[in-house]
Amino acid sequence: MEYISVVILVLSFITLMALGVPVAWSLGLSSFLTLTVTIATVPSATTIAQRMGTGLDSFSLLAIPFFILAGEIMNKGGIANRLIDLAKAITGRLPGGLLYVNVIASMLFGAIAGSAVAAASAIGGILGPRMEKEGYPRELGAAVNITSSTTGLIIPPSNVLIVYSLASGGVSIAALFVAGYIPGILIGLLLMGTAAVFIKKHNLKHGEVTPLKELVKKFLDALPSLFLLVVVIGGIVVGVFTATEASAIAVVYTIILSFIYREISLKDLPKILLKSSETTSIVMLLIATSMSMSWAMSSENIPQSISASLLALSENKFVILIIINLILLFVGTFMDMTPAVLIFTPIFLPAVVSLGIDPVHFGIMMVLNLCIGVCTPPVGSVLFVGVGVAKTSIAKVFLPLLPFFITMIVGLLIITLFPQLTLWLPRLFGL
């Protein structure tokens with residue numbers, strides 16, 4: 001009976017996805033069909049509905065709509081322009097400096113907004129025309145923009161890390177946030193190294209040298225935006241407020257800052273609220289249906305069976321982590337990050353914890369792995385946004401993207417094999 005449940009769950013989900021059914025509905029329907037193997041139809045439907053409701057009954061999840069709203073305000077409030085100007089002042093003098101600008105600006109903006117899609121749209125939309133004007137290959141610029149935008153999903157505050165905390169049963173959000181800094185910065189540096197190879201290949205020209213006075217001015221202009229990181233993360237680490245309270249503070253701070261910058265006005269707020277509400281509703285529906293699938297799998301003992309099978313393969317924790325990484329790399333190509341984290345965390349976490357692997361390290365590794373998936377077809381949301389902003393096609397961008405994919409996989413391997421890179425900062429702060 002257990003194997004029948006697994007077969008029905010997998011086949012129904014894959015079939016629904018292949019038919020073009022939205023991911024959230026595919027998750028909910030396949031969960032319902034799985035439960036009907038052991039429970040009558042009406043109780044199965046009632047159980048799925050209850051699990052969807054209770055799955056959203058979490059104080060921690062309140063942080064997600066607030067951070068989404070803060071990110072939307074930042075996207076419209078002129079913050080991206082100031083971060084780009086600062087990055088350009090720092091690295092613009094180097095050969096092919098705008099590629100470095102893209103990576104640094106994406107790291108900064110993604111870290112503040114917590115959204116890879118927002119970073120790809122905002123940074124790509126501003127830098128794309130500048131790159132094309134200065135002779136940069138359009139597809140190369142798009143490849144750098146797409147991959148560097150994902151660093152904001154690792155560098156806090158990150159909505160995906162909040163989702164992982166929920167799925168893992170309560171891993172500290174503060175510890176996850178602090179743990180994301182070094183891996184996120186490492187990926188950014190590796191991407192810059194890969195960009196340097198292309199810069200030499202295309203013999204891209206030097207930018208203008210920024211005078212010290214101008215550099216100081218750009219830094220001061222961007223300082224209020226950067227200070228948001230200090231307020232949000234500093235407050236969480238010190239214990240002044242929780243991640244949820246920090247998200248509300250981020251909204252208030254960004255609204256005030258945007259009004260000071262005079263980039264938005266009161267009449268712009270309804271559109272911003274509507275857009276953030278649309279995004280929130282999509283994310284929350286995914287979370288609700290993913291939680292129902294997680295419960296359906298637990299009721300059929302699927303996570304326990306998979307965990308036992310993994311441990312039967314090897315007792316070496318790094319071998320298990322490599323196997324899990326390979327599975328997640330495959331899963332990430334056809335499943336969005338949020339449902340992937342909610343579904344596979346309960347499956348894999350018991351196995352890795354039994355081997356002595358820290359849940360914080362595993363969470364960062366998992367999110368970093370799935371960051372690669374959002375850059376790949378057929379469901380790569382960041383890929384589609386990056387290509388659309390650059391006004392090119394996936395076919396043309398794919399070859400320039402490959403070296404950056406490989407770079408991200410190398411970074412993933414480093415983070416997997418050297419957990420100290422992830423755990424050093426949380427332990428330093430006693431988290």
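The values are calculated or read from the model by the stated rules, or taken from the named source; none is laboratory data. Computed from a predicted model, the values in this text were never measured in an experiment. Here the Cβ is made from the backbone with ideal geometry for all residues, glycine too, and neighbour counts use every protein chain on show. Accessible surface areas use protein heavy atoms only, side chains included; no ligands, DNA or RNA. Shrake-Rupley method; radii C 1.70, N 1.55, O 1.52, S 1.80 Å.
Can you tell me the length gained on complete extension of the stretch Tyr261 to Ala40, counting 0.36 nm per residue apart and subtracting the Cα distance?
On the way: separation 221, 0.36 × 221 = 79.56 nm, distance 5.88 nm.
So the extension gain works out to 73.7 nm.
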Contour minus Cα-Cα span, Ser393 to Val319, at 0.36 nm per residue, comes to 22.9 nm
Quickly work out the Val331-to-Val216 label distance, labels modelled 7 Å from Cα along the C-beta direction, and quote it in nm with one decimal. 5.2 nm
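Test of understanding: express the Cα radius of gyration of the range 320-431 as a ratio to 2.2 N^0.38 Å, with N the residue count. Show your work: numbers first, answer last.
Numbers: Rg = 15.4 Å, N = 112, 2.2 N^0.38 = 13.2 Å.
Dividing the Cα Rg of the range 320-431 by 2.2 N^0.38 Å gives 1.17.
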State, as an integer percentage, the relative contact order of the range 95-247 based on alpha-carbon contacts under 8 Å between residues 6 or more apart. 29 percent
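Could you order peptides 168-174, 211-217, 333-339 by the average number of other Cβ atoms within 10 Å of their residues, highest first? Before the final figure, lay out each step's value.
Values: 168-174: 17.7, 211-217: 11.6, 333-339: 21.0.
The packing order, highest mean first, is 333-339, 168-174, 211-217.
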If Glu315, Glu134 are ordered by their accessible area, calculated over protein heavy atoms with a 1.4 Å probe, which sequence runs from highest to lowest? Glu315, Glu134
Can you pull the percent of the chain's accessible area that's carbon plus sulfur, 1.4 Å probe, other chains left in place? 70 percent
The chain - percent relative contact order, Cα under 8 Å, separation 6 or more: 25 percent
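With an 8 Å Cα cut-off and a minimum separation of 6 or more residues, compute the relative contact order for the range 112-164 in percent.
Working: 44 pairs, mean separation 27.7, N = 53.
Computed value for the range 112-164: 52 percent relative contact order.
Taking the solvent-accessible surface of protein heavy atoms with a 1.4 Å probe, what is the per residue accessible area of the chain in Å²? Walk me through the numbers before you get to the answer.
Numbers: 18010 Å² over 431 residues.
On a per-residue basis, the chain sits at 42 Å².
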By how many nm would the segment from Phe59 to Asn301 lengthen if fully extended, with 0.36 nm per residue of separation less the alpha-carbon distance? 84.4 nm
